[in-house]
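Student: A single structure is presented below for examination.
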Amino acid sequence: MVLPLRPRACTVPCMIEVQSLAKRYGAFTAVRDLSFSVRPGEVLGLVGPNGAGKTTTLRCLAGIIPVTSGSVQVAGHDLLTEPVEAKRHLAFFADEPRLFEYLTVRQHLAFVARIYGVRDHEALARPLLEELELSEKADELPSELSRGMKQKLVIACGLLHSPSVMFFDEPLTGLDPLGIRRMKDSIVRRAQAGAAIVLSSHLLHLLEEVCTNVLILKKGEKVADGTLADVSAQFSNGETGVSLEEIFIRATGGSET
Amino acid sequence: MLGALLYLRLTSFRNLVVHRIKRLRQPKYLIGTAVALAYFYFILIHRSGPAGSPSSVAAQSMAQAGLVAAAFICAGLCVLALVRIAFLWVFPAENPGLRFTEPEIAFLFPAPVSRKSLIHFRLLSAQFAILFTSVLIAFFFNRAGYLGGHRAIRAVGWWVILSTFDLHVNGTKLTLSRLRETSHRFLLWRLAVIAAIVGYATAVFRSSIHLVNEYMNGPEALRSTPEVFIHQILYSPLFFWLTLPFRFVLAPYFATTAGDFALAIVPALLFLGLHYYWVSNTEARFEEGSIALAEKLAAAKAATQRGEMPKLGNSKRKALAGPFPLSPSGPPEIAFLWKNLLSMRSALFSRRALLVLVMLALWGSMALGPLLSRQARANGSDYYSPAIVGFTAMIAVYTVLLGPQVARQDLRGDLQNADILKTYPVEGWRIALGELLAPTLVLTLILWLAIVMLAAAVDPVGKVEWLTPGVRITVTLCLAASAPFLCLIQLLVPNTAMVLFPGWYQATRGRAGGIEMIGQRMIFGILQLLFALLVAVPAAGAAALVVFSSQWIFGIGPAVVLATLAVLAIMVSEAVVGVWWLGERFERFDLSTESK
């Protein structure tokens, strides 16, 4: 069931503005005609069955892969024509922490600081490392860190340049309960500080807790988009207290295909 | 246990064959297979003559050359085997382990199987690989059939060599583990064995040098018949007894008739049997070590598949200080240089590897020094120059052609991190340039060293009239100026191949493979060579033209400078276009398309 879509007009400047985004791999269309926007302070949850195009969408938004057609604006910069300026404002957090094996925690931060031109990065990094409980591991290599610690290092690297736009792909994968709690708090705190956040996850309770908006994808197409209340209203058929899980199942037809 | 092993191996083999046949539907595997088959047909089958006794003068000279080559190869293999064994005693692992795969450990270690059965499983598993390798090597070295002997004899010969070595390595590991567990004099035991190995190696080496000296100073007739000389060496009393253990192992390989083989195989099998008894009856713990070894091998395999160089030695990766202080502002390319230099230091130079190199160099110089100094006194001071020039030129050529395949701390090493790199606010060409800087720097330094050595070693006594000190310095500086751009352009080839054909590139990185992988690697090798020629031809042509046309007017020195300027103009243009284009391609690079 594809509902009529209501593209939102940005009354305040949108940090992320996506218009008719499409991504094709040969004859296969991974994402088609996707439009949405995210304002400062909003957390958009990207949900959909496996193969719906969530990761592809995030990778297009982060400038990792080129879009086939459509446009993506990040912090007012077109990702296609001003990729460098657009990327200065964003951070992408992959589901698997990808680190340079031979750089210590501190060296990772030094490297990222140089890439983003972050002056006085040591002063910025110190509280960040303390907040993420990485101070004692500052001179250790990724191979000596647990998965959770690696995830924290990725976050520290991503936050060092104070991005105003953040993309999280399955941010809770592999984290312990305490790590999950901290990650959720961190996302909410960044949003409250004015960041625009898009996160993809299969964990619907996470989305209910942290997201202000939700976008449901199925087979590369948008099925629904709006605030949690809006989307609930679209699929609740007049019922009250319908969970996001139930809405998801109704919106996607309960199957991948 | 044997039944389970056979089931595992045969089923896995069948599935592997089916899988590889199925993937021939993909062009990259089909083309690779076609190239490899063509290579094997033309090089190994079509061109090789019939094995057997030589029937002509040419065949006889080939037999002589083959014998000398075989003698050197055998000597080299014996040295390698000795070094490997010595290495085990010098650096014993904390927990010596036998080589199992991770799935084998997961299924077999908790199973109701005795420790001895596990050892048998390990030995039998190794036999599959050894048998395959033996047949393959015997097939590859078919042209050594001019020596006489049947291909089957050579295959069995190789099987004896490889099996004995495998058993010896495992026996040594288990013995070391046993000694560590039970003996308070573990260090003393080790020192005694190490002393015995060093003494043995030195005695064999000095004996060989003595015999080579006799050969060099002997009558001309002896020198024209190397097979007689080698025979003399092999059967000289001292050498005979010194090399007896190796003789047992090598004799079946060198048997030329069925009778010789029958005589050789009996002591070889007895020697092999002794080794088997040693391994299967040494009660030692190997479980923890085997688990650690399996994890290490799996990590090395994963690293190779990622396009990284597996870590040498057993040491854990250690945190290192950056090669230079990295300030937070400035060109981002320098950050990539800093990162990749750090990676190179971490990947290549373990303390243990350096220590082994230093020890070998010391031992070699102590053993070889007296001989070389005698030769130098006898032949005058110019004795070394041609050898140094030849060796250095070879190093320079290998650095240019093979260096880019070895120094991979560039985009290829960051293939797994491509997503992260692409989120950086940096233009593609700057990422490409930054990534290429570290290997370019290292290869350039090696080339500069080679150029300086060549400058010093070419015609040291000043026989060549036009090679004045001024010209020598000018040529050296001009070559040095061109070196970085040559290295950069050469490095562009594999990096561009990786970005253009990531599937092909990744497929050629793994150690495992098959005939199609051999073909794919050959295609990449040929392309690298062709590209090197393509790049070099315009530059070399321009240089030759400028030198030829201007040396009559300005003299050789200024002509070389002018030629270098022309070469630099061409190479800088090629490098700029190449880096820019690579950056453009990298920005559009999407590894995920390979899995679609």
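Student: All but one of (1) in a helix (DSSP H, G or I); (2) modelled with pLDDT of 75 or more hold for B:VAL68, so report the exception by its number.
Tutor: (2)
Student: Related question: Would a scan of region A:229-239 turn up a residue that is crowded, with 22+ Cβ neighbours inside 10 Å and either assigned to a helix (DSSP H, G or I) or in the same structural domain as A:ALA75 (by TED's automatic domain parsing) (or both)?
Tutor: Applying the first criterion (crowded, with 22+ Cβ neighbours inside 10 Å) to region A:229-239 yields A:231.
When the remaining residues are screened for being either assigned to a helix (DSSP H, G or I) or in the same structural domain as A:ALA75 (by TED's automatic domain parsing) (or both), the result is A:231.
Yes, region A:229-239 contains a residue that is crowded, with 22+ Cβ neighbours inside 10 Å and either assigned to a helix (DSSP H, G or I) or in the same structural domain as A:ALA75 (by TED's automatic domain parsing) (or both).
Student: Counting only residues that are in the same structural domain as A:VAL74 (by TED's automatic domain parsing), at pLDDT below 90 and of a type outside the set (A, V, I, L, M, F, W, C), how many does region A:184-217 have?
Tutor: Count: 5.
Student: Can you tell me how many residues in region A:92-105 are of a type outside the set (A, V, I, L, M, F, W, C), at the interface with chain B (Cβ under 9 Å from one of its Cβ atoms) and crowded, with 19+ Cβ neighbours inside 10 Å?
Tutor: Residues that pass the stated criteria total 2.
Student: Among the numbered criteria (1) in contact (Cβ under 8 Å) with a residue 24 or more places away in the chain; (2) facing chain B (nearest Cβ under 7 Å); (3) crowded, with 22+ Cβ neighbours inside 10 Å; (4) under 21 Å from B:GLU587 (Cα atoms), which single criterion is violated by A:ALA113?
Tutor: (4)
Student: Among A:SER232, A:SER200, A:SER236, which is the only one that is within 19 Å of A:LEU61 (Cα to Cα) and among the hydroxyl-bearing types (Ser, Thr, Tyr)?
Tutor: None of the others qualify; the one that does is A:SER200.
Student: Mind checking which residues of region A:13-38 are within 14 Å of another protein chain (Cβ to nearest Cβ), of a type in the set (Lys, Arg) and either out of contact with any Ser or Thr (no Cβ under 7 Å at 6 or more places or on another chain) or more than 25 Å from A:MET166 (Cβ to Cβ) (or both)?
Tutor: Across region A:13-38, the qualifying residue is only A:ARG24.
Student: Check whether at least one residue in region B:422-431 is among the hydroxyl-bearing types (Ser, Thr, Tyr) and either within 14 Å of chain A (Cβ to nearest Cβ) or over 24 Å from B:VAL567 (Cβ atoms) (or both), and report yes or no.
Tutor: Yes.
Student: Pairs please, first residue from region A:151-168 and buried (at least 22 other Cβ atoms within 10 Å of the Cβ), second anywhere and basic (Lys, Arg), Cβ atoms under 7 Å, 6+ apart in sequence or on different chains.
Tutor: Once the first residue is buried (at least 22 other Cβ atoms within 10 Å of the Cβ) and sits in region A:151-168, its partners that are basic (Lys, Arg) give A:MET166/A:ARG190.
Student: Just a yes or no: is a residue in region A:127-146 of a type outside the set (A, V, I, L, M), more than 23 Å from A:GLY174 (Cα to Cα) and more than 7 Å from chain B (Cβ to nearest Cβ)?
Tutor: yes
Student: Mind checking which pairs have a first residue in region B:15-41 that is more than 23 Å from B:PHE139 (Cα to Cα) and of a type outside the set (S, T, N, Q) and a second that is modelled with pLDDT under 80 and exposed (fewer than 15 other Cβ atoms within 10 Å of the Cβ), Cβ under 7 Å, 6 or more apart or different chains?
Tutor: B:LYS28/B:GLY503
The values are calculated or read from the model by the stated rules, or taken from the named source; none is laboratory data. Since the model is a prediction, treat every value here as computed from it, not as a measurement. Every residue, glycine among them, receives a Cβ derived from its backbone with ideal geometry; neighbour counts consider all protein chains shown.
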